[in-house]
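Structure first, commentary second.
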Amino acid sequence: MDLPVQQFRTKAEQAYLDLFETAEDALPGARDPFVSGLRAKAIGAYGRLGLPHRRVEAWKYTDLRARLTEVNPLVKADGAAVSEAELGQALGAEIASLPAYRLVVVEGDLRADLSDLAGLKSAGVEAVSLARALEKPPVWLKRTLAQVNPRADDAVLALNAALMTGGIALRIGEGVILDKPVHLIQLDGVGDPASIFTRNVVVAETGSAATLVESFGSLGLRLLQRNAATELRIGAKAAVKHVKVQRDRDDAFHLSTWLVELGADARYDAFQFSTGASLTRNQVYLCFAGEGSAADISGAFLLRARQHCDTTLLVEHRVPRCTSRELFKGVLDGEARGVFQGKIIVSPGAQKTDGKQMAGALLLSETAEFDSKPELEIFADDVVCGHGSTSGQIDEELLFYLEARGIPESQARALLIQAFVGEALEKVEDEALREALGHASADWLGVRVE
Amino acid sequence: MLEIKNLHVNVDGREILNGLDLTLPQGEVHAIMGPNGSGKSTLAYVLAGKREYEVTAGSVTWKGEDLLAMEPSERAVAGVFLAFQYPIEIPGVATMTFLRTAVNALRKARGEAELSTPDFLRFVREKAQALKIEPEMLKRPLNVGFSGGEKKRNEILQMALLEPSLCVLDETDSGLDIDAMRIVAEGVNALRSPERAMLVITHYQRLLNYIVPDRVHVLSDGRVARSGGPEVALELEESGYTEFDGKAA
């Protein structure tokens, strides 16, 4: 029962409702009852929730309502040409040139001219523009969209469902083992401030195996407000590696939600690497829906100036015999702030659960800050769960040892920072990808790689 | 020539070296002995440039250059090498990467071309073999999980690779059994040369049976209380440090 709730709304909170009202009839799928119904429900949920603020426990360290004062208009995709050089500039040359099936989304628009749709199709993967799919959703999408580990209490996600204009829908067929990663490149545009709402829906069917790399970069749009969501359903005995590399412009807001559901005996390895944006929220909701599966969600963030990066994970062990691992490493300089919140819920009956999480930060300045909050909610008795958190500065003893061998101080510091991040990067199995992330770390540090 | 004149050093506000004078000519090996707390390790760290050690008076020059004015890495470029008593473990840095970074940093600072990968590997393999260091050990993170003996051998390997002109060995014998000590001592002796000076710091005479010094200095209360030939070490072995313990010189 929905009671009319009279509540105060900030200007930005109201602006999203206005944005929806204005855009509603022109959004993709406006004439499809399934899609328009989904959007109406989502905007209703948002209206009740409002923007999250610090008294909402999951947003304790990231007061979105206070920080988001202006809402930008929805982006208008103009189909402008994007050169290889611009891609390299936006993502970093090593990431841009990863050997992969490329899918390029610019201003929310899947660009067939820049994407390898034919290659994917012959490899057994159905890839379509979400905007197009929403106009007349295929059956599999109707059974998936907004239904993978769904959340009713998340306003950012609700806004995404209400206002999504693009992204991709990807179905990796039963037993399909991809020979190279799918690289989903998500760029902004150029020019005036805009909001981009994208959603990706990915289904990895039984026994399939794939690596999905999502990279985010900027072509130069000012004050981008990005809200990106990916739903990923991993079927029984399927294995998905999911890597995110985010280097949006340093004035951007980057709000990201991953919704992940694992079937039985499945495997999921995620890695999130962030150096960009002014405010980043990386939230991952993962649930184990089938027994005997394993998930690893790890990552690294390197921040400076007044950058803020919040990683919030919720892992739900709903069934027995699943394993989850989390390892996040942050390097914080200037007045940067890193946040790690990791929650593990073990349902009654989810026996033989094995869950561990670890977060660590290296503070390079007196004014950098790291907040870490682990939470375990365990309702089963035969489980192994643990967490740990560290935060500290560069060890002077280690530094002196390196300097005493002739390595100049700045280089010695860089080496120690790379070593710190390296412990997390080790989680990335794909060698080309791991090296590309190593390069990205070195870029951030301003050092060349040997 | 290493010339230390009237060196006073404070650590945490406490004076540890108290007017130390020492002269070490190139081509010679001198031993520094002394009871615990006499300032042996402090001397080693001050030569290498550890920041917490505050020099309040005196001078240290190596080949006429003022060491005290240099950053730790600049001292290494000038030829100073400290073999640490407790080598540091650095997870996340492969030993080989570290060795290569150090060798090339020094070569670059000295205006020499960096070594190519195959040349470097050949260079390391040859030196490592002489010290009975397995190639597998070099793939591991620096000193992580190394035994005491492996850590000390790794120090000598670095010394062999960096080819310093002033070697300071801080209690390199501590924690070593007799076989490990022999390997380490052979490694050190192989580096003795007319171009190179060595300062061997040790608490026990034992190491000096293998690395025979030209001169022995005994520290007490932060200064040199006695200097002489190798026989001084043998006398100390007989009489112990009682004579030097806590006695204000």
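The values are calculated or read from the model by the stated rules, or taken from the named source; none is laboratory data. Fair warning: this is a prediction, and the values are worked out from it, not measured in the lab. Note that we place each Cβ from the backbone using ideal geometry, even for glycine, and neighbour counts take in every protein chain shown.
A:Ala152: over 29 Å from A:Asp430 (Cβ atoms), of a type outside the set (Ser, Thr, Tyr) and either free of Cβ contacts under 8 Å to residues at least 24 places away in the same chain or buried (at least 21 other Cβ atoms within 10 Å of the Cβ) (or both), yes or no?
no
If a residue must be at positive phi and not in a loop (DSSP other than H, G, I, E, B), how many such residues does segment A:346-367 contain?
Qualifying residue count, segment A:346-367: 0.
Here is a list: A:Lys329, A:Lys356, A:Lys352. Which entry is charged (D, E, K, R) and touching a helix residue (DSSP H, G or I) at 6+ places or on another chain (Cβ under 9 Å)? Lay out the reasoning, then the answer.
Details: A:Lys356 fails: touching a helix residue (DSSP H, G or I) at 6+ places or on another chain (Cβ under 9 Å); A:Lys352 fails: touching a helix residue (DSSP H, G or I) at 6+ places or on another chain (Cβ under 9 Å).
That would be A:Lys329, the only listed residue that is charged (D, E, K, R) and touching a helix residue (DSSP H, G or I) at 6+ places or on another chain (Cβ under 9 Å).
Listed residues A:Ser195, A:Ser218; which is out of contact with any Pro (no Cβ under 8 Å at 6 or more places or on another chain) and not hydrophobic (A, V, I, L, M, F, W, C)?
Checking each option against the conditions leaves just A:Ser218.
Scan segment A:203-254 for residues that are among the hydrophobic types (A, V, I, L, M, F, W, C), more than 24 Å from A:Thr275 (Cβ to Cβ) and not in a strand (DSSP E or B) and jot them down.
Residues satisfying the conditions are A:Ala236, A:Ala238.
Go through segment A:196-216 residue by residue and tally those that are closer than 15 Å to A:Ala161 by Cα and not charged (D, E, K, R).
From segment A:196-216, those closer than 15 Å to A:Ala161 by Cα are A:196-201; that's our starting set.
Filter once more, keeping what is not charged (D, E, K, R): A:196-198, A:200-201.
Here the count works out to 5.
Answer yes or no: is there a residue in segment A:68-82 that is of a type in the set (A, V, I, L, M, F, W, C) and more than 25 Å from the chain's Cα centre (by Cα). Step through it out loud before you land on a result.
Taking segment A:68-82 first, the residues of a type in the set (A, V, I, L, M, F, W, C) are A:68, A:71, A:74-75, A:77, A:80-82.
From what's left, more than 25 Å from the chain's Cα centre (by Cα): A:80-81.
Among the residues of segment A:68-82, at least one is of a type in the set (A, V, I, L, M, F, W, C) and more than 25 Å from the chain's Cα centre (by Cα), which makes the answer yes.
Are any residues in segment A:415-429 of a type outside the set (A, V, I, L, M, F, W, C), in contact with a helix residue (DSSP H, G or I) (Cβ under 9 Å, 6 or more places away or on another chain) and not in a helix (DSSP H, G or I), and if so, which ones?
Answer for segment A:415-429, where residues must be of a type outside the set (A, V, I, L, M, F, W, C), in contact with a helix residue (DSSP H, G or I) (Cβ under 9 Å, 6 or more places away or on another chain) and not in a helix (DSSP H, G or I): A:Glu426, A:Lys427.
Looking at A:Ala404, A:Ala412, A:Ala419, which one is closer than 22 Å to B:Glu71 by Cβ, within 10 Å of another protein chain (Cβ to nearest Cβ) and touching an Asp or Glu at 6+ places or on another chain (Cβ under 6 Å)?
None of the others qualify; the one that does is A:Ala412.
Could you say whether any residue in segment A:347-360 is within 20 Å of A:Ala442 (Cβ to Cβ) and not assigned by TED's automatic domain parsing to the domain that holds A:Ala236?
Scanning segment A:347-360, I find at least one residue that is within 20 Å of A:Ala442 (Cβ to Cβ) and not assigned by TED's automatic domain parsing to the domain that holds A:Ala236, so the answer is yes.
Inspect segment A:135-149 for any residue being under 16 Å from the mean Cα position of the chain (by Cα) and either assigned by TED's automatic domain parsing to the domain that holds A:Trp258 or closer than 25 Å to A:Asp269 by Cβ (or both) and give the result as yes or no.
Initially, segment A:135-149 is screened for residues under 16 Å from the mean Cα position of the chain (by Cα), giving A:148-149.
Filter once more, keeping what is either assigned by TED's automatic domain parsing to the domain that holds A:Trp258 or closer than 25 Å to A:Asp269 by Cβ (or both): A:148-149.
Yes.
Yes or no: segment B:107-126 includes at least one residue that is among the polar types (S, T, N, Q) and either in contact with a strand residue (DSSP E or B) (Cβ under 7 Å, 6 or more places away or on another chain) or modelled with pLDDT under 95 (or both).
Quick first cut of segment B:107-126, residues among the polar types (S, T, N, Q) only: B:116-117.
Then keep just the ones that are either in contact with a strand residue (DSSP E or B) (Cβ under 7 Å, 6 or more places away or on another chain) or modelled with pLDDT under 95 (or both); that gives B:116-117.
Checked against the condition, which is being among the polar types (S, T, N, Q) and either in contact with a strand residue (DSSP E or B) (Cβ under 7 Å, 6 or more places away or on another chain) or modelled with pLDDT under 95 (or both), segment B:107-126 yields at least one hit.
Within the set of pairs 6 or more residues apart or between chains, which connect a residue that is closer than 16 Å to B:Gly148 by Cα inside segment B:177-192 to a residue that is charged (D, E, K, R) and not in a helix (DSSP H, G or I) with Cβ atoms less than 8 Å apart?
Listed by first residue and then by second, the contacts come to B:Met181/B:Asp173; B:Met181/B:Arg206; B:Ile183/B:Lys132; B:Val184/B:Asp173.
Does A:Phe370 satisfy the condition of being of a type outside the set (Gly, Ala, Ser), within 14 Å of chain B (Cβ to nearest Cβ) and either crowded, with 20+ Cβ neighbours inside 10 Å or assigned to a helix (DSSP H, G or I) (or both)?
no
State yes or no: is A:Thr280 buried (at least 23 other Cβ atoms within 10 Å of the Cβ), in contact with a strand residue (DSSP E or B) (Cβ under 6 Å, 6 or more places away or on another chain), among the polar types (S, T, N, Q) and within 27 Å of A:Phe197 (Cα to Cα)?
Answer is yes for this residue.
Please work out which residue is nearest to B:Asp12 (Cα to Cα), limiting yourself to segment B:52-76 and to residues that are surrounded by fewer than 18 Cβ atoms within 10 Å (Cβ to Cβ), away from chain A (no Cβ under 13 Å) and hydrophobic (A, V, I, L, M, F, W, C).
Out of the qualifying residues, it is B:Val55.
Give A:Lys352, A:Lys356 a once-over and let me know the one that is away from every other protein chain (no Cβ under 14 Å), basic (Lys, Arg) and over 28 Å from A:Thr62 (Cα atoms).
Of A:Lys352, A:Lys356, the one residue that is away from every other protein chain (no Cβ under 14 Å), basic (Lys, Arg) and over 28 Å from A:Thr62 (Cα atoms) is A:Lys352.
I'd like to check which helices (runs of 4 or more DSSP H) are fully inside segment B:77-161 and have at least 1 residues that are farther than 20 Å from B:Asp179 by Cβ and facing chain A (nearest Cβ under 9 Å).
On the way: elements: B:95-109, B:117-130, B:135-139.
Helices (runs of 4 or more DSSP H) meeting the threshold: B:95-109.
Do we have any residue at all in segment A:79-93 that's in a loop (DSSP other than H, G, I, E, B) and charged (D, E, K, R)?
At the first step, the residues of segment A:79-93 found to be in a loop (DSSP other than H, G, I, E, B) are A:79-83, A:92.
Okay, now just the ones that are also charged (D, E, K, R), so none.
Scanning segment A:79-93, I find no residue that is in a loop (DSSP other than H, G, I, E, B) and charged (D, E, K, R), so the answer is no.
Quick check on B:Ala44: is it within 14 Å of chain A (Cβ to nearest Cβ) and not in a loop (DSSP other than H, G, I, E, B)?
yes
Does A:Ile177 satisfy the condition of being assigned by TED's automatic domain parsing to the domain that holds A:Leu68, at pLDDT 95 or above, under 23 Å from A:Leu433 (Cβ atoms) and surrounded by fewer than 24 Cβ atoms within 10 Å (Cβ to Cβ)?
The answer is yes for A:Ile177.
Among (1) in a strand (DSSP E or B); (2) of a type outside the set (S, T, N, Q); (3) closer than 21 Å to A:Ser441 by Cβ; (4) in contact with a Ser or Thr (Cβ under 7 Å, 6 or more places away or on another chain), there is one condition A:Arg281 misses while meeting the rest; what is its number?
Result: A:Arg281 passes all but (3).
One residue is enough: does segment A:347-355 have a residue meeting the conditions touching a Leu at 6+ places or on another chain (Cβ under 8 Å), under 30 Å from A:Asp395 (Cβ atoms) and not hydroxyl-bearing (Ser, Thr, Tyr)?
Scanning segment A:347-355, I find at least one residue that is touching a Leu at 6+ places or on another chain (Cβ under 8 Å), under 30 Å from A:Asp395 (Cβ atoms) and not hydroxyl-bearing (Ser, Thr, Tyr), so the answer is yes.
Taking the criterion of being buried (at least 17 other Cβ atoms within 10 Å of the Cβ) and of a type in the set (D, E, K, R), would at least one residue in segment B:173-187 satisfy it?
So far as segment B:173-187 goes, yes, one or more of its residues are buried (at least 17 other Cβ atoms within 10 Å of the Cβ) and of a type in the set (D, E, K, R).
For segment A:424-432, indicate whether the set of residues that are buried (at least 18 other Cβ atoms within 10 Å of the Cβ), at the interface with another protein chain (Cβ under 9 Å from one of its Cβ atoms) and hydrophobic (A, V, I, L, M, F, W, C) is non-empty.
Within segment A:424-432 (the criterion being buried (at least 18 other Cβ atoms within 10 Å of the Cβ), at the interface with another protein chain (Cβ under 9 Å from one of its Cβ atoms) and hydrophobic (A, V, I, L, M, F, W, C)), the answer is no, since none of the residues qualifies.
Report, by residue number, each residue of segment A:164-202 that is touching a helix residue (DSSP H, G or I) at 6+ places or on another chain (Cβ under 8 Å) and part of a loop (DSSP other than H, G, I, E, B).
A:Met164, A:Thr165, A:Gly167, A:Pro181
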